[in-house]
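Structure first, then comments.
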Amino acid sequence: MIIGIGVDVVQVTRFEQQLTKAPALRERLFTPAERALNMRSLAARFAAKEAVAKALGAPAGMNWQHCQIDMDAAGAPHVNASETVAEVARSRGVKRWHLSLSHDGDIATAMVVAEG
C-alpha cells in the first residue's frame, strides 16, 4: 500500500547560491557524510529530503539531519531515516522507501514513494 508520494525539483545554480550566502545551511541540511559531495549531488539529495517530507505529509518537527540519502553497492539511492524522520514514518505506517534521483542540465529532481 502506498502511504505517500513526494516529488521535488531543485535548480542547482540557485541552490549553490543559497549555500554560498548562508554557509551554515550546509550543516543544517546535510549530514557530515553528505556535505563533501559535489553541488549537483547535494541538490539532488536536498530534493530527495524535500520529497520524503512531502511523502510524509510535511509534518513539523522533522530534522534534516535525520534523513540521509545513501547509495547502495550498485549505485542505487536509498533513504536512511533516523530519529524524527523515522518516528514520523513509523507513525504513518511506512515500511519501505522507493527513491529515484535525476539530473538534467541545471536541474536536480527526486521522486519518493513511501510504502506501507
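Nothing in this text is a laboratory measurement; each read-out follows from the coordinates by a stated rule. Just so it is clear, the model here is predicted, and its values are computed rather than measured. Please note: Cβ atoms are built from the backbone with ideal geometry, for glycine as well, and neighbour counts cover all protein chains shown.
How long is the gain from Met1 to Arg96 if the chain were fully straight, where each residue apart is worth 0.36 nm and the alpha carbon distance is subtracted? If you can, show how the numbers build up before the last one.
Numbers: separation 95, 0.36 × 95 = 34.20 nm, distance 1.03 nm.
Going from the current span to full extension adds 33.2 nm.
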Pick from Asn80, Asn38, Asn63 the residue whose mean-square fluctuation is largest in a GNM of the chain, springs joining Cα atoms under 10 Å.
Asn38
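For the pair Asn38 and Asn63, what calculated FRET efficiency results from E = 1/(1 + (r/R0)^6), where r is the Cβ-Cβ distance and R0 = 41 Å, to the nearest 0.05? Can you show the working numbers first?
Working: r = 24 Å, r/R0 = 0.58.
Once rounded, the FRET efficiency stands at 0.95.
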For the chain, longest principal axis from Cα atoms; helix 39-55 axis from its Cα atoms; angle between them, nearest 10 degrees, is 30
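Only Lys, Arg, Asp and Glu count, each charged at its Cβ (+1, +1, -1, -1), so figure out the dipole size of the chain about its Cα centre, rounded to 20 debye. List each step's numbers first, then the result.
On the way: 13 positive and 12 negative charges, 41 e Å.
Charge dipole, the chain, about its Cα centre: 200 debye, nearest 20.
Report the extension gain between Arg26 and Ala74 in nm, rounded to one decimal, defined as 0.36 nm multiplied by the number of residues separating them, less their alpha carbon distance.
Details: separation 48, 0.36 × 48 = 17.28 nm, distance 2.67 nm.
Full-extension gain reported as 14.6 nm.
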Using θ = phi - 60° and the Karplus relation 6.51 cos²θ - 1.76 cosθ + 1.60, list the HN-Hα couplings for the range 97-105 in order, rounded to whole Hz, with x at every Gly or Pro.
10, 10, 9, 10, 10, 8, 10, 8, x
Normalised alpha carbon radius of gyration of the chain [divisor 2.2 N^0.38 Å]
1.00
Within the range 58-72, backbone nitrogen closer than 15 Å to the virtual label 7 Å beyond the Cα of Glu87 toward Cβ:
59-67
Along the range 69-80, what does the Karplus equation 6.51 cos²θ - 1.76 cosθ + 1.60 (θ = phi - 60°) give for ³J(HN,Hα), rounded to whole Hz, x for Gly and Pro?
9, 10, 10, 7, 4, 8, x, 7, x, 8, 8, 10
Within a Gaussian network of the chain (alpha carbon springs, distance under 10 Å), most fluctuating of Ala48, Ala60, Ala73:
Ala73
Given H placed on each backbone N at 1.01 Å, which residues far from Ile107 in sequence or on other chains put an amide H within less than 5 Å of it?
Val12
Please list, or write none, the lysines whose alpha carbon is within less than 22 Å of the alpha carbon of Lys21, excluding same-chain residues fewer than 8 places away.
Lys49
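Let me have the relative contact order for the chain, percent, based on Cα pairs under 8 Å that are six or more residues apart. The partial results should precede the final answer.
On the way: 213 pairs, mean separation 45.4, N = 116.
Once divided by the residue count of the chain, the mean separation gives 39 percent.
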Once amide H atoms are built 1.01 Å from N in the peptide plane, which residues 5 or more positions from Ile3, or in another chain, come under 5 Å H to H?
Ala114, Glu115, Gly116
